[in-house]
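Chemist: What follows is a structure written as structure tokens; I'll ask about it next.
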Amino acid sequence: MRTLELPRSDATRRMVDLRRTFHRRPELAFEEAETARTVIGELERLGIDYRYDGVGSAVVGRLPGPPGSPVVALRAEMDALPAIEKTGLPFASEIEGRMHACGHDAHMAMVLGAAARHCDDPPPGTVVYLFQPAEERGGGARVPLESGALDDVDAIFAGHVTHHYRLGEIMVTRGTVTAHSDGFRIRVCGEGGHGARPHEAVDAVIVVGMLIGSLQSLVTREIDPVHPSVVTIGRIEAGTASNVIAEEAVLEGTIRTTLPEVREHIHRGLERLCRAAAELHRAEVSVDIRSGYPPVVNSDREAEVAAAAAAEVIGREHIVVQEYPSMGSEDFGFLLQRIPGCYVRFGTRGSDDHYIPLHSPHFTVDESVLPIGARYFDTVVRHAISRIGEEG
């Protein structure tokens, strides 16, 4: 992956420097102290007032517009991932076991770049710059919602870098962008015994084995194939020795859905299958389903605004429409439950670069995407203020 070698304006150089600073010093969810200080330092340099309630909270900058004018927010995430970086970049992570493997370093630089553009040429409305904690774990988007920092926001916009699209492309779509994510934990309690005498025991591994196959039937035989849904078992724990029948076993996994009725059906089906397995094998089976991130659903008006802004920045021919929802999840969905908005994706794969997935220890971005993102965020704010103002 190449880094930016094109002629750079002072603003682009500043974004590159910020991105690399964030990249060198990644911090995990709800631990973003140094990251927050860097964001605050840039807001102070720009003369933008901010609110920050300490480690684990959001940094919320605010550039006021005329009284009564629309309020539009831009969101970026501050947290990194627990990963060992393998990019070989000269500005690679300096903190062992932590890495910006999801591009949040680029998102922060883009939003700060947009803020700089707004300070040079203020839009006719109020702009809120939201730097939230813990997108990767813990649903940190709820923190600024609960604090009231976004109570007067009329529309909110966010974006994410990806290798799914080429550099210079922006994905804009209406409706569902990402899935609802839920987690589950199934605990099986049987009766342990000697591996040579299974008739004297209730084998938790046998129960787990049945459940592994049965759970997939919820999707393959009970859900309409046109409705995307996934049940994945990601962790199994059972047994203490090869000649001991396991008394306990645990399954953990994730459920991804895009429709509320499908989600509810899978939840009920999971509980039904666990009850049946318990009855069939004379075991105790309990299931705990934990609600995760809601789906990201772009509102129609804000998607139109985003498409108009993207067309102005990159040309309409470079706008990509997502054909099917991603089964990934994003806590921007919490924000969209309260505020209309739009979530886009910025292509960052160069013509000679091979695809690298998000969360990979090899993931990085072509830094040429930074000025594209900053221009988009600048422009989408102006379009949104105009549209909201026209509609009153």
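The values are calculated or read from the model by the stated rules, or taken from the named source; none is laboratory data. Predicted, not measured: the structure shown is a model, and the values here were computed from it. As a convention, Cβ positions derive from the backbone with ideal geometry for all residues, glycine included, and neighbour counts pool all protein chains shown.
Chemist: Provide a single number: the residues in the stretch 156-179 that are over 16 Å from G347 (Cβ atoms), surrounded by fewer than 24 Cβ atoms within 10 Å (Cβ to Cβ) and not hydroxyl-bearing (S, T, Y).
Modeler: Looking only at that region, the number is 2.
Chemist: Given the residues A158, A238, which is the only one that is small (G, A, S), in contact with a helix residue (DSSP H, G or I) (Cβ under 7 Å, 6 or more places away or on another chain) and closer than 30 Å to E312 by Cβ?
Modeler: The conditions single out A158.
Chemist: If you don't mind, another one. I need the full set of residues from the stretch 353-371 which are out of contact with any Ser or Thr (no Cβ under 7 Å at 6 or more places or on another chain) and touching a residue at least 24 places away in the same chain (Cβ under 8 Å), in order please.
Modeler: D353, Y355, I356, P357, H359, S360, P361, F363, S368, listed by residue number.
Chemist: Of all residues in the stretch 261-275, which are without any contact (Cβ under 8 Å) to a residue 60 or more places away in the chain and either in contact with a strand residue (DSSP E or B) (Cβ under 8 Å, 6 or more places away or on another chain) or aromatic (F, W, Y) (or both)?
Modeler: V262, I266, E271, R275
Matching residues to (1) closer than 17 Å to T173 by Cβ; (2) modelled with pLDDT of 95 or more; (3) not assigned by TED's automatic domain parsing to the domain that holds I372:
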| residue | (1), (2), (3) |
| --- | --- |
| V287 | no, yes, yes |
| D300 | yes, yes, no |
| E304 | yes, yes, no |
| E312 | no, yes, no |
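Chemist: Would you point out which residue out of C102, C119 is farther than 26 Å from V296 by Cα and touching a residue at least 12 places away in the same chain (Cβ under 8 Å)?
Modeler: Of the residues listed, the single one that is farther than 26 Å from V296 by Cα and touching a residue at least 12 places away in the same chain (Cβ under 8 Å) is C119.
Chemist: Give me the strands (runs of 3 or more DSSP E) completely within the stretch 13-81, filtered to those with at least 2 residues that are in contact (Cβ under 8 Å) with a residue 24 or more places away in the chain and surrounded by 16 or more Cβ atoms within 10 Å (Cβ to Cβ), ordered by residue number.
Modeler: Ranges flagged: 59-63, 71-77.
Chemist: Taking the stretch 189-206 as the region of interest, how many residues are crowded, with 18+ Cβ neighbours inside 10 Å and of a type in the set (D, E)?
Modeler: The total comes to 1.
Chemist: While we're here: Counting only residues that are at pLDDT 95 or above and among the aromatic types (F, W, Y), which one in the stretch 322-353 is farthest from R137 (Cα to Cα)?
Modeler: Filtering first and then ranking leaves F346.
Chemist: Filter the stretch 316-346 down to the residues that are more than 15 Å from E77 (Cα to Cα) and among the acidic types (D, E) and list them by number.
Modeler: Within the stretch 316-346, E317, E323 qualify.
Chemist: Mind listing whichever residues of the stretch 305-339 are among the aromatic types (F, W, Y) and in a loop (DSSP other than H, G, I, E, B)?
Modeler: Y324
Okay, residues lined up against (1) farther than 30 Å from T348 by Cβ; (2) in contact (Cβ under 8 Å) with a residue 12 or more places away in the chain; (3) polar (S, T, N, Q):
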residue: P228; (1), (2), (3): no, yes, no
residue: G234; (1), (2), (3): no, yes, no
residue: E237; (1), (2), (3): yes, yes, no
residue: N243; (1), (2), (3): yes, yes, yes
residue: V305; (1), (2), (3): no, yes, no
residue: A309; (1), (2), (3): no, yes, no
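Chemist: Any idea which residue in the stretch 82-95 is surrounded by the most Cβ atoms within 10 Å (Cβ to Cβ), counting only those that are within 17 Å of H359 (Cβ to Cβ) and among the charged types (D, E, K, R)?
Modeler: Result: E85.
Chemist: Further question: Does the stretch 262-284 contain any residue that is within 14 Å of V172 (Cβ to Cβ) and either within 21 Å of the chain's Cα centre (by Cα) or at pLDDT 95 or above (or both)?
Modeler: no
Chemist: Ok, one more. Across the stretch 215-228, which residue is farthest from V287 (Cα to Cα) among those that are buried (at least 16 other Cβ atoms within 10 Å of the Cβ) and modelled with pLDDT of 95 or more?
Modeler: It comes out as I223.
Chemist: Give C342, C274 a once-over and let me know the one that is surrounded by 15 or more Cβ atoms within 10 Å (Cβ to Cβ), in a helix (DSSP H, G or I) and at negative phi.
Modeler: None of the other options fit; the residue is C274.
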